[in-house]
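Everything below concerns the one structure shown next.
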Amino acid sequence: MHIAWIGKTSPFCGNVTYGLEVTTALAQRGHRISFIHFASGNASESASELPTACRAPSQPVWAAEISLPCLHKNQIFTIPTPNSRQILKDALQTLKPDLIHVSLTLSPLDFSIPKLGRQLGIPAVSTFHPAFDRHRRTFVSRTQHLLYQLYAPSLAQYRATIIFSELQKQLLISLGVPEAGISVIPNGVDTDKFCPGPSRIKEELGTDRLFVYQGRISPEKNIESLLKAWKQADMGDRALLAIVGDGPQTSTLKPFYRADRGVVWLGYVADEQRRIEILRGADVFILPSLIEGLSISLLEGMACGTAVVATNVGADGEAIEDGAGIVLSAAKVTAELTSLLPLLRDQQEFTQMLGRKARQRVLQRYTLSRNITQLETLYSRVLGRLDASEPIELPETSNLSSPPAA
């Protein structure tokens, strides 16, 4: 089928990763993908064919790429130009896709796409992945709840809305989104790429035990609580905390937590193989967020056989419940990590066992292949090719063999 995918290609964030991974996998299964995204400045108003040779092997090969003009965009929101809706309409009329799939980007255009799809006779589905904390314990989580309230009426207008967890589903139902229009399809990772394997990162960094945080350095990620716990735990010379990523808090936190205190700042790592090497070499992956959706970085760490520690926000706690990881209280991150970090440093067999369980959980629930199969089933249902009563959920995967040896 021909899918017009509306999403983001920059700046780097979970939405970008999701769009690139899913459209690449769909293209590999023979579907035609037209990728529509925002670009700052003057943008082309027509589809341009992209030859395979124009893209690196890790990038998707789309049948067409269309840029919509915008006044501003960042990792959180996008402000389109007044004529962007007309450009989108013209592009869709030219492309004539079977279906529109919108990976919602917090843009005013998000709210008009269901109506536009109806005008053109093209069904529209959405993916709604904003972070949340169902307990609304902090200002950040309460603000994010307002975003859910803002989007709920619009989500009800899409033919289907894809979310990542049952917790998110219950939240949307409580806000008035019809249950029949909600499909739970969790994020997925490529478990052939993200898998246990050799790594020289600990040798390179000169440490025996490596703890890793990977993500944005911003207030909602709660990095400062992790750094305070690391300092209070007095981890000694045997362990190192690697911070992978960049963001607005880097310049304020980095001067106070340096290598002489057991913290190394690796910055944003664009190369995927380098990120995989870091995750394979890590003993523990820590995600101390105040709000989350379903972190792809967390799933990547789990797939690489790394022991994981994450807060009980969004769907992260759901992903590592029942022994697949250690769940922290978002309200007590510093206190709980201060007690936990020395144990994780000293108990190598324990962290190895957690890593095996983490990978097993990903193989059971969070593979990219499973994600794409569920997505194809949803598309067929929306297009009337499947009976509406046919469930999207799949049986547990049978490929649950032991993870590859490191």
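The values are calculated or read from the model by the stated rules, or taken from the named source; none is laboratory data. Note that the coordinates shown come from a computational prediction; the quantities given were computed from them, not determined experimentally. Positions of Cβ are generated from backbone atoms using ideal geometry, with glycine treated the same way; all protein chains shown enter the neighbour counts. Surface areas here come from the heavy atoms of the whole protein model, side chains and all, with no ligands, DNA or RNA. Shrake-Rupley method; radii C 1.70, N 1.55, O 1.52, S 1.80 Å.
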Cα-only Rg/Rh for the range 136-199 with Kirkwood Rh rounds to 1.16
Between the modelled labels at ARG258 and LYS89 (7 Å from Cα along Cα→Cβ) the distance in nm is 5.9
Rounded to one decimal in nm, the spacing of the 7 Å Cα→Cβ label points at SER112 and GLU321 is 4.1
Here the percent of antiparallel bridges among DSSP beta bridges lying wholly in the chain, to the nearest 5, is 10
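Determine the alpha carbon to alpha carbon distance for each of LYS332/LYS357; LYS8/LYS89; LYS231/LYS254; LYS202/LYS231 and list only those over 22 Å.
Listed pairs above 22 Å: LYS332/LYS357.
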So ASP234 and GLN28, fully extended at 0.36 nm per residue minus their Cα-Cα distance, gain in nm 69.3 nm
Simple SL model, points at 7 angstrom along Cα→Cβ for ASP192 and SER329; separation in nm is 4.5
Net charge (Lys, Arg +1; Asp, Glu -1) of residues whose beta-carbon lies under 14 Å from that of ILE76, ILE76 excluded, is +2
The answer for the net charge of residues other than LEU368 whose Cβ lies under 14 angstrom from its Cβ, with Lys and Arg +1 and Asp and Glu -1, is -2
Expected sort for 254-266, 294-306 on mean C-beta neighbours within 10 Å, highest first, is 294-306, 254-266
So, relative contact order of the range 200-271 in percent, Cα under 8 Å, 6 or more apart, is 35
On the accessible surface of the chain, probed at 1.4 Å with all protein chains in place, carbon and sulfur together account for a percent value of 51
Dividing the alpha-carbon radius of gyration of the range 242-289 by 2.2 N^0.38 Å, where N counts its residues, gives 1.20
Of the range 290-312, those with amide N under 20 Å from the point 7 Å along the Cα→Cβ vector of ARG356 are 301-309
Output for the chain (equivalent-ellipsoid semi-axes, sqrt of 5λ from the C-alpha gyration tensor, Å, descending) is 36, 22, 21
Contour minus Cα-Cα span, GLU179 to SER251, at 0.36 nm per residue, comes to 21.5 nm
Here the range 258-266 yields Karplus 3J(HN,Hα) values (6.51, -1.76, 1.60; θ = phi - 60°; whole Hz; Gly and Pro given as x) of 10, 4, 5, 10, x, 10, 10, 9, 8
The base-10 log of I(q)/I(0) that the Debye equation returns for the range 319-379 at q = 0.13, 0.29 Å⁻¹, one scatterer per C-alpha, is -0.50, -1.14
For the range 264-397, using Cα atoms only, the Rg and Dmax in Å read 17.3, 56
Summed over the other residues with a beta carbon less than 13 angstrom from that of ILE296, with K and R at +1 and D and E at -1, the charge totals -3
Computed over the range 233-362, the relative contact order (Cα-Cα under 8 Å, seq sep at least six) in percent reads 24
Given a 1.4 Å probe, the accessible area of the chain per residue, as a whole number of Å², is 42
Calc'd 3J(HN,Hα), the range 100-110, phi into Karplus 6.51 cos²θ - 1.76 cosθ + 1.60 (θ = phi - 60°), Hz, glycine/Pro = x, comes to 9, 10, 9, 8, 4, 10, 6, 9, x, 5, 3
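Under the definition of Cα pairs under 8 Å and six or more residues apart, what whole-number percent is the relative contact order of the chain?
So the answer I get is 14 percent.
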